[in-house]
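For reference, the structure is listed below as structure tokens.
Every read-out reported here was derived from the displayed coordinates using simple, explicitly stated rules and does not represent laboratory data. Small disclaimer: the values here were computed from a predicted structure and weren't measured. Here Cβ is always computed from backbone atoms with ideal geometry, including for glycine, and neighbour counts include all displayed protein chains.
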Amino acid sequence: RIYADKDRQEAVVRQSDLDWTLIRPAFLKSGPGRGQWREITDWQGQRRMTAIDRCDVAAFVMQELAAHKYGRQAVNLSWEG
């Protein structure tokens, strides 16, 4: 049911006229961050996602706000290691 709710919420955002980016971090962990992560927009051929520090998610959000690389897209974040 959690994933069904998430899918419905994302559908509402996708159908809107808003300027949006869906950010889907992998399992979150608390740590200082590593300053590197994997950005995945297409699951084909991708490995399993690994936990990512909250600091790295915050850094990605700030980067995306400035660069607007993933406008009207969903991006999955995972630790790049």
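Specify, per residue and in Å³, the volume enclosed by the convex hull of the alpha carbon atoms belonging to the chain. Intermediate results must be reported in sequence, preceding the final value.
Working: hull volume 8.6 nm³, N = 81.
So the per-residue hull volume is 106 Å³.
Run the dipole for the range 19-79 about the Cα centre, Lys and Arg Cβ at +1, Asp and Glu Cβ at -1, nothing else charged, and hand back the magnitude in debye, nearest 20. List each step's numbers first, then the result.
On the way: 9 positive and 6 negative charges, 46 e Å.
Magnitude of the dipole: close to 220 debye.
So what is the relative contact order of the chain, in percent, for Cα pairs below 8 Å that sit 6 or more residues apart?
On the way: 107 pairs, mean separation 34.6, N = 81.
Averaging sequence separation for qualifying contacts and normalising by length gives 43 percent for the chain.
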